[in-house]
Structure formats: C-alpha cells, structure tokens
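J.: Just passing along the structure, written as structure tokens.
The values are calculated or read from the model by the stated rules, or taken from the named source; none is laboratory data. Bear in mind the structure is a predicted one, so any value in this text is a computation, not a measurement. Accessible surface is based on the protein model in full, side chains and every heavy atom, while ligands, DNA and RNA are left aside. Shrake-Rupley method; radii C 1.70, N 1.55, O 1.52, S 1.80 Å.
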Amino acid sequence: MLQDLKFLALIVGFAAFAVSGPSFAQNPQGYVQEVSGNVTGQVGSGSALKVDKGQTLINNTTITTGPGSYVVLKFEDGTAVLLKENTSFQVQNYTYSAKAPENANAIFNLLRGGLRMITGLVTSRNRNALKVGTPLATIGIRGTEFIAELVNPLFIQVINGTVVATNSAGAVAFTAGQAAVVANSTTLANIIPLNQVPAGALQMPNYPLTAAPGPVPSGSVVGGGATGGVGAGTAVAIGVAVGAAILISTDNQSSTSHH
C-alpha cells in the first residue's frame, strides 16, 4: 500500500509537468472583427458554437459560415481574412510578436468555400511566413491581397502583390491582376483570364479590409476554447506540493508502523 502511494506521488509530479506544456494554455492573437448571419466556431474536435463579434481566436480553431453569412477575422500583425458564405477555414497555427517579426509564422487552411485576405506584418521579415493550405494546392503569400475559392477546382485571383500556388506538380507564381485555376493536386496552377472564372466564384461580400496591426481585444474565445488558466509554474507547484504531501504521509505511516 505504501509503495502504491509513493508511486502515485511520482505520477502526480509527472502529470504536472505534462499539463504545463505549450498546449495547456494559449494567448489569443486574433479576433472576430465582424460577423453577419450564421457563423460557428470550434476548437479541435470540440462542439461548434455560435460566433460573436469581438470573440478571440486561438490555434486549431475552425470557423464555418452558413448560407447568406460572412465573417471577418483580424490578427495581431494586421492580417485580415474575410470568409464568404458556406466556407470552412482553420487557424492551424499563428505566431507573431512585434519584437521578433522574423519568427512570425501563420498556417491557415481553406477547407471549403472562399476567402479574401490581406496580409499584415507577418511576412515583413520572412516572405514565406504565411501559407494557406487547401486540398489542391498550398497558397504561399508574399505580402499581398488575394481571393481564393475552393469549389473543386481551386480558383485564385491576385489583387496586390504575389501569390505562389504549390502542389505535387510544382509551383506557379502570379501577380496583381492575374487569376489562376488548380484542377487537382497533381496539376500545375494555370493562369486564366478572369472571364473564364465561373459566375459566382471569387465574388466576395463588400466589406473593406485593412492591414493595420493592433492588439487583440479581450473577449471570450471562439468555440469555448481555454486561454490562460493555470500557468506552467503553478501547475508544477501544485503537482510538487501534492506529491510531497503524499510522500510525507506515507513516510509517517511507515514510521508509525515500525513502533
């Protein structure tokens, strides 16, 4: 019995270190700037919950818009994303610090539907810092504004700057005023005239996007995700205290049993 309790103390200590890792708490670096209609959000495999204006975003969050709906997401570096109706978009990983812009990293995923994006400072020191993944190609953003719509195929239109579409067939770069189509994941992007884009594709809600950076306001987290919470040091301290208490208790019991 005493040995079991001592083993439990060790388990508690290890658990404290486990929960003190990076996934235990996140600081939001984005928020919902505008929302219209039926928009939901979920963190990981959690429940999809209604999205409200002013809510904050953490990594591994998926935003989904319903028919006749749209949402605007804003990030700390100034990057802004407008999602049109019937769209699913994932914030896979976003990291930005104004003190170390060279370490910035943004990985988004367009799962279905369409978006318009204008990039902020995230690519100011590393032009490859922001990518938008899709099932057909990864869109590399090099300080730009663009529209993308995944309707199988994938259509892309560059408004400003340069975009690179990469898949297993290779990479194709195109610039302001150009549009492209990616038929599948094994075919190169093909630059096409805008009049060859199907009606309705690349048509976005009329909402102005700006790339002005700024702090993320306080607010509840989209999808009910957790932020802050018990920090690493606190978690470890709790684990050590509980483990020590168990060990002291077992040692006292051991001493008593010997008398």
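J.: Can you work out ³J(HN,Hα) from phi for every residue in region 83-96, in order, using Karplus 6.51 cos²θ - 1.76 cosθ + 1.60 and θ = phi - 60°, giving whole Hz and x for Gly and Pro?
T.: 9, 7, 5, 6, 10, 10, 9, 10, 8, 6, 7, 9, 9, 8
J.: How many percent of the accessible area of region 65-202 is carbon or sulfur, using a 1.4 Å probe?
T.: Details: 2620 of 5320 Å².
Carbon-and-sulfur percentage of accessible area, whole number: 49.
J.: Ratio of alpha-carbon Rg to the 2.2 N^0.38 Å globular estimate for region 88-210, to two decimals, please.
T.: 1.01
J.: Right, here's the next one. Rolling a 1.4 angstrom probe over the protein chains, ignoring ligands and nucleic acids, what is the accessible area of Asp52 in square angstrom, nearest 10?
T.: Counting only protein heavy atoms, the figure is 70 Å².
J.: Using amide H atoms built 1.01 Å from N in the peptide plane, name the residues 5+ places from Leu111, or on other chains, whose amide H lies under 5 Å from its own.
T.: Ser88, Phe89, Gln90
J.: Next question. Can you bin region 46-138 into rounded, prolate or oblate? Criterion: square roots of the alpha carbon gyration tensor eigenvalues sorted a ≥ b ≥ c, rounded for a/c under 1.5, prolate for a/b above b/c, oblate for the rest.
T.: prolate
J.: Considering only protein heavy atoms, what per residue accessible area in square angstrom results for region 132-171 with a 1.4 angstrom probe? Kindly include the intermediate steps, with their values, before the conclusion.
T.: Working: 1250 Å² over 40 residues.
Result: 31 Å² per residue.
J.: Evaluate 2.2 N^0.38 Å with N set to the residue count of region 106-157, then give the Cα radius of gyration divided by it. Kindly include the intermediate steps, with their values, before the conclusion.
T.: On the way: Rg = 10.7 Å, N = 52, 2.2 N^0.38 = 9.9 Å.
Relative to the rule-of-thumb radius for its length, region 106-157 sits at 1.08.
J.: Let a ≥ b ≥ c be the square roots of the eigenvalues of the Cα gyration tensor of region 127-169; is it rounded (a/c under 1.5), or, if not, prolate (a/b larger than b/c) or oblate?
T.: oblate
J.: Can you give the relative contact order of region 121-173 as a percent, counting alpha carbon pairs under 8 Å and 6+ residues apart?
T.: In percent, rounded to a whole number, it is 28.
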